[in-house]
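Heads up, the thing below is written out as structure tokens.
Rule-based calculations on the coordinates, nothing more; no lab input. Here the structure is a predicted model, which is why all the values come from computation and not from measurement. Heads up, the Cβs are rebuilt from the backbone with ideal geometry, glycines too, and the neighbour counts pull from every protein chain shown.
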Amino acid sequence: MPPKRFVAASDRVARVTLRRRLGTQAKNRVANFTVQRYWIAAVGFFMALHHYWGAPLAENYIDLDRQICYYIEHLWHEGDSVNLACDVISGIQHFLLTRRSFPGAWSLVHAWRRVELPHRAPPILPDILLAFAGVAIAVNRHDYAILLLVGFHCMLRTAEMLGITSACVNIGAACTGVIALPWTKTGQRQGAQQMVTVDDSFVGGLLARFVAQFHEPTTLLRDANPMGFRRFFDYASQILELQELQLRPYSIRRGGATFDFLAHGNLQRTIFRARWTDSSVARIYVQDGVAVQAQMALRANQLGLVHHYRELLVQSSQ
């Protein structure tokens with residue numbers, strides 16, 4: 001989870017109290033789970049491998065840059081992800097408390113990205129999304145069904161979707177409304193909380209009825225940890241026999257954005273609703289999503305399963 005955010009207090013004593021809850025500035029530079037990823041998956045392996053190779057510790061930043069370059073070449077030849085290479089550089093910068101860019105290492109990363117397209121999560125098709133929600137209903141996980149529908153309609157990131165509480169939801173009589181998001185990645189950068197609108201009455205009606213059962217405003221809409229949702233997502237892929245599509249939870253956001261663009265033909269609308277700050281990145285995601293969806297073709301048995309579980313969702317909502 002991202003670090004907690006507090007509005008600045010008006011007097012010194014209150015600021016001291018609030019800042020004690022936040023901890024030191026060093027701890028708040030990067031979220032805890034990011035620091036753990038840097039160390040466990042990236043920098044720790046970098047140091048262990050250099051120890052195995054018998055390489056001495058670098059005495060200056062120039063030598064360290066060369067060592068990182070050598071390690072990145074190793075990751076390239078071993079078939080690792082470019083994200084791991086980025087984590088190694090970013091992690092070393094974090095732990096050394098430096099903003100030095102290690103130009104040699106970053107230039108290798110840029111070259112890597114030029115020659116190898118990223119393996120993005122494919123966008124989930126609307127009917128498949130509804131079928132996933134139907135599988136959730138079949139296994140009595142109504143919370144997952146709601147999250148799938150809301151995440152797709154509002155184009156939420158996975159962490160945003162899993163962090164919604166009942167207090168975040170405000171749905172009116174017309175079954176439309178808004179969801180005030182917990183502190184998002186973009187919101188933390190801008191110092192402002194973000195929101196998304198729910199303008200689909202089917203999604204809004206189901207969400208309103210589901211939230212009405214909660215009595216504590218801080219109650220999460222999900223009744224399991226994030227790993228439980230990811231395990232369910234893999235399970236639903238197996239039930240629908242869609243493993244070869246390699247769908248991942250982020251496919252929900254990508255599928256929602258692709259559907260919104262195809263339905264309305266307005267890229268600026270999609271960018272606004274998905275809360276992308278970089279329009280060039282948004283264009284890549286949407287255009288790539290449209291191209292990928294155009295190539296998706298389901299077999300007869302898959303279509304039958306998708307239809308069955310989609311109808312199960314529809315029947316349960318009546």
| query | Per residue and in cubic angstrom, what volume does the convex hull of the Cα atoms of segment 145-258 have? | reply | 115 Å³
| message | Quick one: the Cα spread of segment 101-180 along its three principal axes, in angstroms, biggest first? | response | 57, 27, 21
| note | Charge dipole of segment 126-316 built from unit charges on the beta carbon (Lys, Arg +1; Asp, Glu -1), centred at mean Cα; most positive-end Cα among PHE259, SER201, ALA212 is PHE259
| remark: Note on the chain: contact order normalised by length, alpha-carbon pairs under 8 Å, 6 or more apart, percent, works out to 20 percent
| message | Which three extents, in angstrom, do the Cα atoms of segment 42-194 have along their principal axes, listed largest first? | response | 66, 34, 28
| Reciprocal of mean inverse Cα separation for segment 126-316 (Kirkwood radius, Å) | 17.1 Å
| message | If Rh is defined by the Kirkwood formula over all Cα pairs and Rg also comes from Cα, what ratio Rg/Rh do you get for segment 245-318? | response | 1.05
| task | With viscosity set to 1.002 mPa s and temperature to 20 °C, compute the Stokes-Einstein D of segment 31-115, Rh being the Kirkwood radius across alpha carbon pairs; µm²/s, no decimals. | result | 165 µm²/s
| request: Arrange the peptides 250-261, 17-28, 271-282 so that the one whose residues have, on average, the most other Cβ atoms within 10 Å appears first. | output: 250-261, 271-282, 17-28
| Highest to lowest packing among 40-48, 124-132, scored as the average C-beta count within 10 Å | 124-132, 40-48
